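Engineer: Please see the structure below; I have some questions.
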Amino acid sequence: MIREKLEELRRNPVFETGLRILVICLAASLMAVNINTFVHTGGLYPGGATGLTVLFQRIAETRFGIRLPYTVVNILLNAFPVYLGFRYIGRKFTLYSLFMIMLTNILTDVLPGYAITYDTLLISIFGGLINGFVISLALSVNATTGGTDFISIYLSQKKGMDTWNIILGINAVILLMAGLIFGWDKALYSIIFQFVSTQVLHVLYKRYQQQTLLIVTDKPMEVCSSIYGLCHHGATILSGEGSFEHSERKIVYSVISSSDGPAILKKIREIDEKAFVNVLRTTQLSGHFYYKPQD
């Protein structure tokens, strides 16, 4: 009864919108605190639009004695990625992302910084952990922190694969620019920051990662219907023979998004508690694979 009420509440548009805004506010606050507490204290360059903003701020301050506001620079750098979002990803998705970007900008300029530690290695690791968590938190409610996140999602939808490592490579180029201008010490620590952030993102956000399911079951049609009903992915039913009893068995073969895995496995257990399920990590696909469109 309680579960049904919670599910009904979750489907309520007003509740869903409120929860989405609340999560974005939390993510923006954490991002601003991370920038002021870890990134600025460690003198790091976190990559993406944020990293470029920090880089331009430091160039202006050290070379020309001008203190550029974070908000103005970040908005200018996000102009093209935001256009990409409106044009190719989703309008509501991009609007919520804009809210995330603007709130992060304002809070970064307003909130004071507090140095927890001056150990650059600790700052790189824990700052990267928080950064990856914040990006995952925003993505979980269909929003982004801006910049290269838009580019990564666009490429993921076009290529049908997880492209966060490509973005890591782009960020590495930005960090090399910082190294050439300000020295390699902070730039190399920034690569650690970005690597940790990307690994956390891989663990927490699995929309563009795939799994292959091999399901030995006596109820193949019900299993196929449940897979399609939950995530709109098809399945293939294969015939096999049990090696012990030499009885005919049916095997359901399907490739799904990793983010859908827990819900599908739970449904399979409800349909056939004796089903044998082998979950394999899929690293490459060729052919059409359905992705739920961003709103």
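Here's the yes/no breakdown for (1) in contact with a strand residue (DSSP E or B) (Cβ under 9 Å, 6 or more places away or on another chain); (2) in the same structural domain as Asn131 (by TED's automatic domain parsing); (3) in contact (Cβ under 8 Å) with a residue 12 or more places away in the chain:
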| site | (1), (2), (3) |
| --- | --- |
| Ala178 | no, yes, yes |
| Lys219 | yes, no, yes |
| Ser243 | no, no, no |
| Val252 | yes, no, yes |
| Lys266 | no, no, no |
| Glu270 | no, no, no |
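Engineer: Can you find, within the stretch 110-146, the residue that is modelled with the lowest pLDDT among those that are of a type in the set (Ser, Thr, Tyr) and surrounded by fewer than 24 Cβ atoms within 10 Å (Cβ to Cβ)?
Structural biologist: Tyr114
Engineer: Still on this model: List the residue pairs whose Cβ atoms are under 8 Å apart, where the first residue sits in the stretch 5-26 and is modelled with pLDDT of 80 or more, the second is surrounded by 10 or more Cβ atoms within 10 Å (Cβ to Cβ) and outside any helix (DSSP H, G or I), and the two are 6 or more positions apart or on different chains.
Structural biologist: Filtered contacts from the stretch 5-26: Leu19/Val141; Arg20/Val141; Arg20/Asn142; Arg20/Ala143; Val23/Val141; Ile24/Val141; Ile24/Ala143.
Engineer: Within the stretch 226-237, track down each residue that is within 14 Å of Ile215 (Cβ to Cβ) and touching a helix residue (DSSP H, G or I) at 6+ places or on another chain (Cβ under 9 Å).
Structural biologist: Once the filter is applied, which keeps residues that are within 14 Å of Ile215 (Cβ to Cβ) and touching a helix residue (DSSP H, G or I) at 6+ places or on another chain (Cβ under 9 Å), the stretch 226-237 yields Ser226, Ile227, Leu230, His233, Gly234, Ala235, Thr236, Ile237.
Engineer: Does Ile256 meet the test of being under 28 Å from Thr148 (Cβ atoms), of a type in the set (A, V, I, L, M) and either crowded, with 18+ Cβ neighbours inside 10 Å or over 29 Å from the mean Cα position of the chain (by Cα) (or both)?
Structural biologist: Yes: the conditions hold for Ile256.
Engineer: Given Val279, Val216, which one is closer than 30 Å to Ile167 by Cβ and not in a loop (DSSP other than H, G, I, E, B)?
Structural biologist: Sole residue among the options that is closer than 30 Å to Ile167 by Cβ and not in a loop (DSSP other than H, G, I, E, B): Val279.
Engineer: Kindly check whether there is at least one residue in the stretch 119-138 that is free of Cβ contacts under 8 Å to residues at least 40 places away in the same chain, over 30 Å from Pro13 (Cβ atoms) and among the hydrophobic types (A, V, I, L, M, F, W, C).
Structural biologist: yes
Engineer: With (1) among the hydrophobic types (A, V, I, L, M, F, W, C); (2) at pLDDT below 90; (3) within 14 Å of Phe276 (Cα to Cα) as the list, and Phe244 as the residue in question, which single condition is left unmet?
Structural biologist: Result: Phe244 fails condition (3) only.
Engineer: Can you go through Val54, Val73, Val82 and tell me which one is in contact with a His (Cβ under 9 Å, 6 or more places away or on another chain) and buried (at least 18 other Cβ atoms within 10 Å of the Cβ)?
Structural biologist: Val54
Engineer: Within the stretch 201-224, identify whether any single residue is buried (at least 19 other Cβ atoms within 10 Å of the Cβ), aliphatic (A, V, I, L, M) and within 21 Å of Gly47 (Cβ to Cβ), and answer yes or no.
Structural biologist: Yes, that holds for at least one residue.
Engineer: Would you mind telling me which numbered condition in (1) surrounded by 14 or more Cβ atoms within 10 Å (Cβ to Cβ); (2) hydrophobic (A, V, I, L, M, F, W, C); (3) part of a strand (DSSP E or B) Ile268 fails?
Structural biologist: (3)
The values are calculated or read from the model by the stated rules, or taken from the named source; none is laboratory data. A quick note: this is a predicted structure, and the numbers were derived from the prediction, not measured. Neighbour counts are summed over all protein chains in view; Cβ atoms, including those assigned to glycine, are modelled from backbone coordinates with ideal geometry.
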